[in-house]
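FYI, it's all coordinate maths here, none of it is from the lab. Fair warning: this is a prediction, and the values are worked out from it, not measured in the lab. Cβ: placed from backbone, ideal geometry, glycine included. Neighbour counts: every protein chain shown.
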């Protein structure tokens, strides 16, 4: 859909301005105790252990220690200091097989608390890694063990779930192999994409602080040469670093993002230093692409060559040939690339932001193309994961929903006050406006976007089906003024966060909780 109106002309559509809208009265009354209190299945409930014990097990364990801490490195010729796991921009890729026990100890060398969220996994609730909801933050200088069975195969990732920490390098890939895999390929290539600002033109916390002032604070700002804005003490140079104006994408329905970035990373490398993998002509490479960015969708493709999409968010889809695929923040795509002789560039274009990053496949012949010679656009058949069709093997059984929740995405740029149903989420009171569900129910969720911005909506601890036969996913793009309806089976008790995976929107309040009742 091409959205014809610019969100900046609708700055009045903030949470306060839309407060007259009401939530559909379709939720059953929560269970009460004798004292009138709602009975919720908390992460400490013995039922969490019972459900974990039911999960299939291979009897094997995968062990790893991850050490989050500050470190220095060089990006685009500039020395920076940031935070990451094990002193690197590229965290260790964790690999296991469905049913393996993952045992990861986090050894916190930061000066503040941290955690790990295992994005996309229907795992035990007390390992979900959300401080204030499923655990306490791991304090500075302390260790904490995560231990759980890997519940299902696919391409996943892990990242901190403490404030803006993910906007540094506190993330990595998690690959869970399928012991019954039928997809044929010669090798796989894990690709983690990210938009980067930390240590270059500011920090993620500084960006959030400036964005939080909203559009009403823009007097005196000047536009930089890359379309970003000078904000207070932050200097907007040719590479970005503040509020982004004029970034538009017809594919996303209008405004493409809020933040101007100096550059974008492909497996921790800037575009001046692309990663190169070797292969033979005719090889089939399984691309496992993960969007770890905070504010950027990526259009991924190979110039002049088709990709065959096979999975989205870890689950198989009906194979689809495309010229490019768009990934919102938090989404993953698996695709098959057949290698041609010479150099093959795999492009990741920052959707609507006129920037790119890339990697190369080399067969050992010809010369690597210069970055300046690579195409600046990918056209033809372009889709996102939410537009694909699930492989029949992973379709949810047809069932009338037991419960429907309308989740209205509200807020605007005037006050930068994103929320759910006109409420900004408060982690100090995470269950204040919880969406109640019960084990065994089929839950229908209607994501109703009432804002001028697109939002990649992510649900923890479950996978949902988009529409009746759409893809099985955990993160889906919801375009401006559109509604996306999904369904999931409530088969994993606990307290589960859901939120926009734009890091800045989530931190400013676009989060909620699906809360299991007894």
Quarter of the Cα convex hull surface for the range 390-512, i.e. its orientation-mean projected area (nm²): 7.3
Per-bin percent of Cα-Cα distances, the range 61-138 [10 Å]: 16, 43, 30, 10, 1
Gyration tensor verdict on the range 182-393 (Cα atoms; rounded if a/c is under 1.5, prolate if a/b is larger than b/c, oblate otherwise): prolate
Distance (nanometres) between label positions extended 7 Å along Cα→Cβ at residue 180 and residue 424: 4.9
Burial ranking of peptide ranges 253-262, 463-472, 184-193 (average Cβ count within 10 Å, highest at the top): 253-262, 463-472, 184-193
For the range 427-473: rounded, prolate or oblate by the Cα gyration tensor [a/c cutoff 1.5]: oblate
Packing-based order for 358-369, 286-297, using average beta carbon neighbours within 10 Å, highest first: 286-297, 358-369
The chain - Debye-derived log10 I(q)/I(0), Cα point model, q = 0.13 Å⁻¹: -1.38
Pairwise label distance in nanometres, residue 321 with residue 93, each label 7 Å out on the Cα-Cβ vector: 2.7
P(r) tail fraction, the range 51-181 - alpha-carbon pairs more than 23 Å apart, %: 32
Length-normalised contact order for the range 182-393 - Cα pairs under 8 Å, 6+ apart - percent: 21
Theoretical ellipticity at 222 nm over the chain - DSSP helices of four or more residues, -39500 (n - 2.57) apiece, nearest 500: -1000 deg cm²/dmol
The chain: antiparallel DSSP beta bridges as a percent of all, rounded to 5: 70
Potential extension, residue 372-residue 72 segment - 0.36 nm per residue separation minus Cα distance: 105.2 nm
The chain: relative contact order in percent, alpha carbon pairs under 8 Å with at least 6 residues between: 16
Packing-based exposure ordering (other Cβ within 10 Å, fewest first) of 329, 481, 453: 481, 453, 329
Normalised alpha carbon radius of gyration of the range 262-385 [divisor 2.2 N^0.38 Å]: 0.99
Spherically averaged projected area in nm², based on the convex hull that wraps the Cα atoms of the range 316-445: 13.2
